[in-house]
Each structure stands twice: as C-alpha cells, then as structure tokens.
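Report on one structure; see the data block that follows.
The values are calculated or read from the model by the stated rules, or taken from the named source; none is laboratory data. Quantities reported herein were computed from a predicted structural model and do not represent experimental measurements. No Cβ is skipped: glycine too gets one built from the backbone with ideal geometry, and neighbour counts run over all protein chains shown.
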C-alpha cells in the first residue's frame with residue numbers, strides 16, 4: 001500500500017510537474033489546452049482512485065459528479081458578469097457533496113457488480129436529466145459566458161477566463177488535491193477505508209460501521225470529481241450532457257487502471273499516458289491510415305500495459321523502490 | 001462465585017426448516033472459561049455468530065450486561081465489548097502483522113472519522129497495539145505481511161487482534177485448531193490468564209485443551225444443549241459420552 005510517495009516517486013512527480021509548468025512557456029495554444037485537459041482529468045481520475053484503489057468501491061458512475069460540477073458552474077454564473085471565484089467554487093463543491101451523499105447513501109449499500117450497476121444507473125439518470133432539461137441547454141449543451149473570477153473592485157486577482165491563469169490554477173489544484181488525499185489516507189479514516197477494501201467483514205467484526213466510512217469516502221471522491229468538473233467547464237466555457245455519461249466514467253476508470261490503482265499519483269500517469277497516446281495514434285503522419293481508427297490502437301495499448309505491467313504505468317517508477325519504504 | 005455478563009434466553013436460529021440453533025438458554029460469567037463442545041454441525045459456530053451479531057436470531061433474546069443486544073449489528077456488538085475470533089482465519093493478508101493489530105486497536109477510539117493527523121501519531125492506539133502484540137508472542141513478526149506468516153502464527157494474530165479490541169467478552173471459535181503444539185501452549189496459557197478478568201466463550205475440538213482450561217462445559221448436538229456442567233460432571237455423563245466424547249476416543253478424557 002503506497003500512500004506517502006517514496007523518494008523515487010516524489011522525484012518523478014516533481015519532474016513531471018516541472019514539465020507541466022513549462023508547457024505554457026514553450027507550447028502552442030493547442031498543446032497547452034491538451035496539457036490542461038490532462039491535468040484536470042488526472043484530478044478526476046485521482047478521486048476515482050480513492051474509491052477503486054483504496055476503498056474497494058468500483059464506481060462506474062463517477063462522471064456524474066464531474067459533469068454535475070461543470071453544470072453547476074453554468075447554472076450559477078450570471079449571463080452578464082463573472083461570479084466571484086470563491087462563491088462559485090463553494091457552491092460547486094457544496095452541491096456535488098450533497099449529490100454524492102444522496103447517491104452514495106443508496107449505492108454504498110450494495111457490493112461488487114451491483115455497486116457498479118447502481119452507480120451507473122444514477123449517472124445515466126443524471127445524464128438524461130441534463131439531456132432533456134431545456135433550462136440547461138438540453139442535448140445541445142450550454143455556454144458559460146463569463147467564467148468565475150476573483151476581483152477586488154477594479155483589481156483582478158484571478159480570472160479563469162485567462163488561459164494561463166486557468167492552467168496554473170489547475171496545476172496548483174492538482175498538487176492541493178494530491179496532498180489532501182495523502183493526508184486523508186494517512187489518517188485513522190484512511191486506515192479504515194484501506195482495511196475495508198481488503199476485508200470488510202473483519203472491519204465490522206472489529207467494530208467499525210463500514211457503511212458510514214464507505215459513504216464518507218464516496219462523498220470525498222465525488223466532491224473532488226466535482227472540483228475537476230468545475231475546472232473543465234472553464235476550459236472552453238461550454239458544458240454538454242456527455243460529461244455525465246458513462247463514456248467519461250469509463251475513461252476515468254481506464255486512466256486509474258492504466259496509471260496503477262491504489263497509488264494516487266498513478267492517475268497523473270494514466271491521464272498523461274491516455275491523452276498523449278491519443279494524440280500520437282490520431283496523427284496520420286505517425287500511424288497512417290489507422291489514424292482514423294485510433295481507438296483500436298488505444299485498446300491494444302491499454303491491454304499491453306495491463307498485461308505486462310503489474311500495476312500499470314506506476315510500476316515503471318515503483319519497481320525501483322526499496323521494499324521497506326512502501327508500507328506506511 | 002462469578003457474575004453473569006452475557007446470557008441467552010431460548011435463542012433459536014433456523015435456516016428454512018432446519019433449526020441450526022434450537023432454544024439455547026445459557027449464562028456466561030466473568031472470570032470463567034465456558035467451553036462449548038459438540039460434533040461438527042452441532043450449531044456451535046452459528047451460536048457464536050448470533051452472540052457476535054453477525055447473524056440475527058430467529059427468536060429468543062441475548063442480554064449483555066442488562067442490555068438486549070439480540071438484533072444489534074455486528075459492529076455495535078463489538079463496540080459494546082464483545083470480541084470474537086474466527087474459525088476460518090480472518091485477517092488482512094496484505095497488511096503487516098503490526099498493522100492488523102493496529103486496526104483492531106484503533107477501533108476502540110471514540111471515532112475514526114479523523115482526517116488529518118497521521119494514524120501513527122495516535123500514541124494510545126500504538127500502546128494498546130504493542131501490548132496485544134507482546135501478549136500474543138508475535139513481537140518478532142510485527143513487520144511481516146500477514147499473508148507470509150505461518151498458519152499457526154495467523155491464528156495467534158487473530159487472538160492478538162482480539163486482545164487489542166480490549167473486549168470484556170471473548171468469543172473464541174477454535175482458536176488453537178491447526179497450531180503447532182508450542183504455539184497452542186502459548187495460547188492456552190494466554191486464555192487461562194485472560195480468564196481471570198474476562199468472560200470467555202470457547203469452542204474447541206481439542207479435548208485436552210478444553211479440559212485444561214474450561215471451568216464450565218456445555219455440550220451441543222443438533223442445535224440443542226445436551227448437557228451443561230462442571231468438567232468432571234460432563235466426563236461422567238453417559239449421554240454425552242455416547243453422543244460425542246465416545247467417538248473422539250475415551251483415552252484422552254478418562255486419563
């Protein structure tokens with residue numbers, strides 16, 4: 001159980017983050033946006049790793065909170081001016097937490113394949129709700145004309161409408177979420193959910209109300225996914241029902257598995273690997289005629305990683321760790 | 001001499017038409033080892049499951065220190081101070097021996113809904129886990145993953161986890177089954193020592209061990225109580241000898 005990053009992991013993460021930080025200095029607009037999407041999806045996937053990799057809850061409806069977070073930005077932003085960043089963020093986090101509590105209260109009662117089905121069903125319900133609701137743009141999606149900003153009078157401190165500001169804000173958010181989750185996993189609460197993943201029956205015997213701990217874990221994960229959705233909505237200022245669909249849930253799950261579940265930082269590797277490979281496979285100069293059917297190559301790539309690396313891309317780093325440093 | 005801590009009144013558990021536990025009325029006292037013996041399928045483990053809240057009784061009552069706990073879920077029963085060990089080894093194989101015990105000790109905190117301070121900084125949990133580790137004789141294995149311990153050591157770990165929960169009642173379901181003789185001696189000595197200030201319910205097939213530690217014996221067969229009494233009374237009960245002790249061979253008992 002790798003919780004606190006080992007020295008190798010910390011060095012690799014530092015290098016990766018430095019690379020990300022330098023992208024806006026060198027990269028063109030397209031590349032910056034690609035990197036930004038990778039960062040935001042990494043936050044989304046990291047929150048899912050808390051469920052899959054640490055609590056043992058395989059949620060197939062995690063995009064419900066990602067999409068909801070994005071839609072809340074649209075719903076609370078006025079059409080003629082930007083909303084205060086803190087108010088917008090608090091509303092997003094608060095409301096996704098409420099939604100996660102309600103959905104979690106039902107789904108956490110179930111186990112295994114039933115849990116997968118119930119979370120998927122809730123997410124599809126949310127998808128069709130936004131798909132059919134004209135008030136939120138329906139199937140066409142909707143625009144956010146003024147993105148959240150932090151202003152004091154005429155002084156603009158943070159304006160997420162600015163690409164570079166949003167980029168560094170998201171990079172900072174990734175680091176904040178990563179550190180927060182490490183603290184959570186080291187705490188007594190974190191020990192309990194990791195115990196639940198391995199042997200829930202025994203945890204009940206020890207006197208833990210496992211339902212409650214799983215629910216809280218579900219709410220934390222949902223809220224962080226909502227945060228990722230908030231950031232995603234600010235990229236193009238556009239939200240669409242597809243964000244809540246099972247395709248997005250599946251992509252997040254692929255990223256978790258690609259990166260290595262139960263590692264947290266694996267989500268970053270998974271997201272970078274997924275976005276990077278997608279770009280490479282779609283480039284006709286590299287893959288020729290198959291470029292149009294890049295999903296086939298992506299499928300082969302994911303299968304190879306799962307078959308040949310014991311715990312996804314993270315294994316490339318952790319295989320050099322000494323064994324003693326792993327258990328925290 | 002002893003005061004009753006845990007008692008059952010006409011407790012039954014049926015699966016369909018089969019009464020696995022049939023109208024059991026028993027009292028368990030503090031300071032006593034109360035052994036429950038009987039052939040396989042007699043309903044002993046089901047009875048323990050009822051006491052620990054892992055299965056709900058079909059009828060009857062279970063009283064712990066004056067409180068009706070018949071329908072409490074397992075985690076609440078555990079929090080009241082009734083701890084159990086399992087017949088099938090039931091541990092956290094991926095965690096180290098120490099972390100297994102640690103999780104058990106942490107369960108006695110008021111709440112584990114704490115999110116920031118690292119778990120390892122909770123000194124009282126550490127102390128209680130250390131005590132359980134030493135008592136169970138596993139100190140030198142503390143860093144080994146539980147999955148790499150020998151079967152006997154895993155059984156000892158079960159007991160260490162139970163101790164870390166600091167229960168008032170210990171429900172031991174075949175604690176020494178599969179242990180080497182040196183390991184089982186440690187555990188039998190431990191049970192004797194714990195019996196002084198705990199209430200112990202023991203299921204065990206090893207008759208030498210049972211007669212070495214038990215203060216009171218109950219013999220079960222087909223979900224019912226065949227007899228309850230002091231060890232020498234049970235040994236000389238002809239009905240018991242016919243139903244159960246006889247098939248195990250008279251040698252170890254009459255000796």
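Do we find that residue A:229 is under 28 Å from residue A:110 (Cα atoms), more than 14 Å from every other protein chain (Cβ to nearest Cβ), crowded, with 18+ Cβ neighbours inside 10 Å and in contact with a helix residue (DSSP H, G or I) (Cβ under 7 Å, 6 or more places away or on another chain) in this structure?
yes
Picking from B:31, B:43, B:17, which residue would you name as being surrounded by 18 or more Cβ atoms within 10 Å (Cβ to Cβ) and either at pLDDT 95 or above or out of contact with any helix residue (DSSP H, G or I) (no Cβ under 6 Å at 6 or more places or on another chain) (or both)?
Exactly one of B:31, B:43, B:17 is surrounded by 18 or more Cβ atoms within 10 Å (Cβ to Cβ) and either at pLDDT 95 or above or out of contact with any helix residue (DSSP H, G or I) (no Cβ under 6 Å at 6 or more places or on another chain) (or both), namely B:43.
Look through region A:106-125, keep the residues that are within 29 Å of residue A:77 (Cα to Cα) and touching a residue at least 12 places away in the same chain (Cβ under 8 Å), and return whichever of them is surrounded by the fewest Cβ atoms within 10 Å (Cβ to Cβ).
Step by step, filter region A:106-125, then rank; the result is A:121.
Of all residues in region B:75-90, which are within 7 Å of chain A (Cβ to nearest Cβ) and either assigned to a helix (DSSP H, G or I) or buried (at least 24 other Cβ atoms within 10 Å of the Cβ) (or both)?
Within region B:75-90, B:75, B:78, B:79, B:84 meet the criteria.
Here is a list: B:136, B:112, B:96, B:142. Which entry is touching a residue at least 40 places away in the same chain (Cβ under 8 Å) and buried (at least 23 other Cβ atoms within 10 Å of the Cβ)? Let's see the steps before the verdict.
Details: B:112 fails: touching a residue at least 40 places away in the same chain (Cβ under 8 Å); B:96 fails: buried (at least 23 other Cβ atoms within 10 Å of the Cβ); B:142 fails: buried (at least 23 other Cβ atoms within 10 Å of the Cβ).
Answer to the check: B:136.
Could you please find all residues in region B:102-119 being within 19 Å of residue B:168 (Cβ to Cβ) and part of a loop (DSSP other than H, G, I, E, B)?
B:107, B:108, B:109, B:110 - these are the residues of region B:102-119 that are within 19 Å of residue B:168 (Cβ to Cβ) and part of a loop (DSSP other than H, G, I, E, B).
Return only the number of the condition from (1) within 12 Å of chain A (Cβ to nearest Cβ); (2) over 24 Å from residue B:74 (Cα atoms); (3) modelled with pLDDT of 90 or more that residue B:166 does not satisfy.
The single condition residue B:166 does not satisfy is (2).
Listed residues A:205, A:237; which is within 14 Å of chain B (Cβ to nearest Cβ) and touching a strand residue (DSSP E or B) at 6+ places or on another chain (Cβ under 8 Å)?
A:205
Look at residue A:274 and say whether it is touching a residue at least 40 places away in the same chain (Cβ under 8 Å) and farther than 30 Å from residue A:83 by Cβ.
The answer is yes for residue A:274.
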